[in-house]
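So the structure is just underneath, and the comments pick up after that.
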Amino acid sequence: MTWIQITGDTDNVQDVYAEGGRGGLLSLVLSTVLISVFSPFGEELLYRGIVTNALLRYGSFAGVVGSTVIFALMHGINIVFPAAIVAGLATAEVFRRSGSIWPGLVVHIVFNLPTIPIMVLVGTG
């Protein structure tokens, strides 16, 4: 809502996920699993396992904030960008503190889990 108020941009690049979730119960479950488990797994391997890890050589700030900015930009400058910043900061910091992608993966899954069901429930897409 804040993004829309600031930018006036109401386009939701994730509407396609909501459309997929409206195809019945199986479609809802499969769409939710794909966006909440498989997508975060790949993203955490790339952004935490490679990018954050590489940037941590230049200090905590560079590792956490640098990888967060890259992560958010790869999601695009759109309505998803603020959420990607929050998720990126959380998962990068969890990675920095734990030294493992697994705790951050759990955070990312929990962060993404309600996306499709909420979008279907409120009728976006």
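The values are calculated or read from the model by the stated rules, or taken from the named source; none is laboratory data. Bear in mind the structure is a predicted one, so any value in this text is a computation, not a measurement. No Cβ is skipped: glycine too gets one built from the backbone with ideal geometry, and neighbour counts run over all protein chains shown. When the accessible area is computed, the model is the full protein with side chains, heavy atoms only, and any ligands, DNA or RNA have been set aside. Shrake-Rupley method; radii C 1.70, N 1.55, O 1.52, S 1.80 Å.
Tabulated results
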item: Mean Cβ count within 10 Å, highest first, over the residues of peptides 72-79, 104-111; result: 104-111, 72-79
item: Over the chain, relative contact order from alpha-carbon pairs under 8 Å, at least 6 apart, %; result: 36 percent
item: Span-rule helices in the chain, defined as complete DSSP H runs reaching 20 Å or more along the axis (Cα) with Kyte mean at least 0.0; result: 60-75, 81-98
item: Protein-only accessible surface order, largest first, of Arg96, Arg57 at 1.4 Å; result: Arg57, Arg96
item: Solvent-accessible area, 1.4 Å probe, carbon plus sulfur percent, for the chain; result: 71 percent
item: Accessible area per residue in Å² at 1.4 Å probe, computed on the chain; result: 57 Å²
item: Hull-based mean projected area of the chain, where the convex hull spans the alpha carbons, in square nanometres; result: 7.4 nm²
item: For Glu19, solvent-accessible area (1.4 Å; no DNA, RNA or ligand), Å²; result: 110 Å²
item: Helical contribution to [θ] at 222 nm, DSSP H n ≥ 4, -39,500 (n - 2.57), averaged over the chain, rounded to 500; result: -19000 deg cm²/dmol
